[in-house]
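Encoded as structure tokens, the structure appears first; notes follow it.
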Amino acid sequence: NWTMASFIDKEIERIRNIVGPNGQVVGAVSGGVDSTVAAKLMKEAIGDRFHAILVDNGVMRYKECQNVKAILSDRLGINLDVVDASDLFLDRLVGVTDPEKKRKIIGNTFIEVFESEAARIDNETKQLGRGKIDFLLQGTLYPDVIESISFKGPSATIKTHHNVGGLLENMRLKLIEPLRELFKDEVRALGKLLQIDDELVWRHPFPGPGIAIRVLGEVTRTQVAIARAADHIYIEEIKNAGLYRQISQAYAALLPVRSVGVMGDKRTYEQVIALRAVESTDFMTADWFPMPYDVLKHISNRIINEVKGVNRVVYDVSSKPPSTIEWE
Ligand code: XMP
């Protein structure tokens, strides 16, 4: 793919020109393809003058922080800081059941934590005589640019999404968006050329508020652990069945409803896991994925046997619209 290869060279050149010989850049990474590709481009362009920050919000997937660290820092050589703010996030979520409130709390806390980490790095680079942080990296894609231009549309108010606009004002940072002219498939091609693992390049999207919007009702540490364990089994079995790439997005949601079951000779009264898998091109509309019965059967057995607190598994057969991809 020579067009993407020339894009890389041009973009690296452009980044170097914008940032200058001493400029410092911060950016949040999530373990998703967009932020990873953007971060890797920065690393190629300016090396350790790009500072990636991964915020552990306590509602990430199974071993997510470890995995992201292994890939970004160890394998791709990106200068990465992992901030464990999980207690802060989880404490603020106590007693909150409203989906929009969850999103606001997580979004605002994220900005707060990211901003304070960026300020810490800013101080550090100043003290080392390497100048201040001047730029904020964002992995914005072309469709996001379009969406924010038409942000008054009804879709914007259905669910609140994150933004870090405050950071730009408070720290007087300038925005740098190397992916702003690209579509998702182009970002994936770019990722491949930048030697990012296939596994990451083809990863399903994951929402900023994470497992918090996949645990319906109150988000407690116990509930997150149940949803996380079930989701891990689900994704593992989808991969084992060779279906991961065919599916656009899949996850397990924990429903805070209890139903009666039987285990050995004992009655159980436990919660429900709902499995979601969709096919979609733009995530504005989506069809539920026709998961083979034998795969479902195996996943259901594993979840019920291995995840304590669950005695029933259901499969979501709703398309978008009228349902959304996430349950909250
Ligand atoms: P819905 O549930 O609106 O989701 O059909 C469409 C796509 O957007 C993702 N999503 C989010 N991503 N922050 C994000 O970064 C969010 O708050 C958020 N809410 C939904 C969802 O996972 C799906 O891919």
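A few remarks follow.
- The distance linking the range 2-53 with the range 221-252 is 31 Å (Cα centroid to Cα centroid, whole angstrom).
- The chain - percent of accessible surface contributed by carbon and sulfur, probe 1.4 Å: 52 percent
- Long-range HN-HN contacts of Asp56 with modeled amide H, under 5 Å: Val83, Asp84, Ala85
- Beta bridges by DSSP in the range 258-319, antiparallel share as percent, to the nearest 5: 60 percent
- Given Lys69/Lys308; Lys40/Lys174; Lys43/Lys126; Lys266/Lys297; Lys69/Lys192; Lys69/Lys101, the pairs whose alpha carbons are separated by over 24 Å: Lys69/Lys308; Lys69/Lys101
- Placing unit charges on each Cβ (+1 for Lys and Arg, -1 for Asp and Glu) gives the chain a dipole about its Cα centre, and among Phe283, Val307, Ser86 the Cα reaching farthest toward its positive end belongs to Val307.
- Simple Cβ-charge dipole of the range 225-287, Lys/Arg +1 and Asp/Glu -1, about Cα centre, in debye nearest 20: 260 debye
- Kirkwood estimate for the chain, i.e. one over the average of 1/r between Cα atoms, Å: 21.1 Å
- Farthest toward positive dipole pole in the chain [+1 Lys/Arg, -1 Asp/Glu at C-beta], among Val260, Ile233, Gln249: Val260
- Lysines with Cα under 23 Å of Lys102, excluding same-chain neighbours fewer than 8 positions away: Lys63, Lys152, Lys159, Lys320
- For the chain, DSSP calls about 40 percent of its internal beta bridges antiparallel.
- Axis of helix 33-46 versus longest Cα principal axis of the chain: the two differ by about 20°, to the nearest ten degrees.
- Within the chain: Cβ-based charge dipole about Cα centre, in debye rounded to nearest 20 (Lys, Arg +1; Asp, Glu -1): 340 debye
- Prolate/oblate/rounded label for the range 44-93 (Cα gyration tensor, a/c 1.5): oblate
- Prolate/oblate/rounded label for the range 1-54 (Cα gyration tensor, a/c 1.5): oblate
- The angle between the Cα long axis of helix 221-240 and the main principal axis of the chain comes to about 90°, on a 0 to 90 degree scale.
- Shape call, the range 188-328: gyration tensor on alpha carbons, a/c limit 1.5: prolate
- Within the shell of other residues whose beta carbon sits under 14 angstrom from the beta carbon of Val310, the net charge comes to +3, with Lys and Arg scored +1 and Asp and Glu -1.
- Amide H partners (placed H, <5 Å) of Thr268, local residues excluded: Gly261, Val262, Met263
The values are calculated or read from the model by the stated rules, or taken from the named source; none is laboratory data. Everything numeric here is computed off the predicted structure, so don't read it as measured data. A quick note on method: Cβ atoms are made from the backbone with ideal geometry, for glycine too, and the neighbour counts reach across all protein chains shown. To get the accessible areas, we keep the full protein, side chains included, count just its heavy atoms, and leave off ligands, DNA and RNA. Shrake-Rupley method; radii C 1.70, N 1.55, O 1.52, S 1.80 Å.
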